[in-house]
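Comments concern the structure below.
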Amino acid sequence: MKWIDSHAHLDDRAFDKDRAAMIARCSEQAMGVLTIGSSLRSSHEAVRLANRYRNMWATVGIHPHNAKFVDEAALIELRELAGDELVVGIGEIGLDYYRDLSPRERQRQAFVQQLALAIELNLPICLHNRESTDDLLAILKNAGEQHYGVVHSFLGEGVLAEEFLALGLHLGIGGPLTFPKNDVLREAVKHIPLDRILLETDCPYLTPVPYRGRRNEPAYVRYVAEEIARLKGVSVEDVARQTTENSIRLFRLSD
Ligand SMILES: [Zn+2]
């Protein structure tokens, strides 16, 4: 594998018409993909896809948008799904106070419960955080001094990056790094050690320049890597190699 897209939603309806062709393009580019669960349904689908295609793995979890559906039965089902050998993490889990699609109290409860599951199963976490940093950090710190996982689609400034790094977390960097308005993120990325960065697309969302506005797909992580290389003054090959190693190590990936 030359590349790994550490955060894709390959079960998304946006891929229904050409999913197999899109996944074939990933193989042609020697690209591994983690397809991320966001509900029980999509977690099942992620596991199914990972078992069907080579160099594909799944995470299972319930997104904060869907936190209102997390109950005892859902947690039992997630635990069972996590037993599949191609499930390499719990996520995406966390908080989203921007869209508030589930009540905040339910979001916090669902996050605490799924974080505990990840710790118990010794699986890395894939974190979603939008306008909820204080509560997210408080819950993480309450659960342990060090964590094992990635803050997906990190968008913050350098100080916040350092805080997540100090907790042992990796930072997922995607398409927004290429958006003109994100100078603060570009400045932060200059200072994040390359061995703590994971490449991601969050496809079908957050398409990088030059394809912004169109559907995103894993093959476009190349444009994120090019921007990281430019900011850090290293080669694109170095970014690809190091970030691939990071994902393999963090998620303990094997063929
Ligand atoms: Zn996502």
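Return one quarter of the surface area of the convex hull spanned by the alpha-carbon atoms of segment 195-239, equal to its mean projected area, in nm².
Projected over every direction and averaged, the Cα hull of segment 195-239 covers 3.2 nm².
With each run of n ≥ 4 DSSP H residues scored as -39500 (n - 2.57), what mean residue ellipticity at 222 nm is computed for the chain after dividing by its residue count and rounding to the nearest 500 deg cm²/dmol?
Taken over the chain, the calculation gives -13000 deg cm²/dmol.
Kindly state, to the nearest 0.05, the FRET efficiency for E131 paired with N51, given R0 = 30 Å and r defined as their beta-carbon distance.
For R0 = 30 Å, the calculated efficiency reads 0.25.
Taking the highest mean first, how do the peptides 18-25, 85-92 order by number of other beta carbon atoms within 10 angstrom per residue?
85-92, 18-25
Would you order H170, H152, H65, H147 from fewest to most other beta-carbon atoms within 10 Å of each residue's own beta-carbon?
H65, H147, H152, H170
Please list, short to long, the whole-number percent of alpha-carbon pairs of segment 1-136 in consecutive 10 angstrom bins beginning at zero.
Percent of pairs per bin, in order: 13, 43, 31, 12, 0.
Place a +1 charge on the Cβ of each Lys and Arg in segment 137-217 and a -1 charge on the Cβ of each Asp and Glu, then give the dipole magnitude about the Cα centre in debye, rounded to the nearest 20.
Details: 8 positive and 10 negative charges, 68 e Å.
Charge dipole, segment 137-217, about its Cα centre: 320 debye, nearest 20.
Using the charge dipole of the chain (Lys, Arg: +1 at Cβ; Asp, Glu: -1 at Cβ; taken about the Cα centre), state which of Y98, H65, T201 has its Cα farthest towards the positive end.
Comparing the listed Cα positions along the dipole, T201 ranks first.
Starting from the Cα of R212, step 7 Å along the direction of its Cβ; do the same at E163; then give the gap between the two resulting points in nm.
2.7 nm
I'd like the distance between the alpha-carbon centres of segment 197-255 and segment 58-134, rounded to an integer number of Å.
24 Å
Between N246, G156, A229, whose Cα lies farthest towards the positive end of the dipole of the chain when Lys and Arg beta carbons carry +1 and Asp and Glu beta carbons carry -1, centred on the Cα centre?
A229
Taking the Cα centre of segment 3-251 as the origin, how large is its charge dipole in debye, to the nearest 20, when only Lys and Arg (+1) and Asp and Glu (-1) carry charge on their Cβ atoms?
620 debye
Quick one: of K141/K181; K68/K141; K181/K232; K2/K232, which pairs are farther than 26 Å apart, Cα to Cα?
K141/K181
How much length is gained if the chain between D16 and R99 is pulled fully straight, taking 0.36 nm per residue apart and subtracting their Cα-Cα distance, in nm to one decimal?
Length difference between fully extended and current span is 27.3 nm.
Roughly what % of Cα-Cα distances in the chain sit above 29 Å, to the whole percent?
Values: 7290 of 32385 pairs.
Summing the P(r) of the chain above 29 Å gives 23 percent of all pairs.
Values quoted throughout were computed directly from the atomic coordinates according to the rules given, and no laboratory measurement underlies them. The structure displayed is predicted, hence computed values, not measured ones. We place every Cβ from the backbone using ideal geometry, glycine too, and count neighbours over all the protein chains shown.
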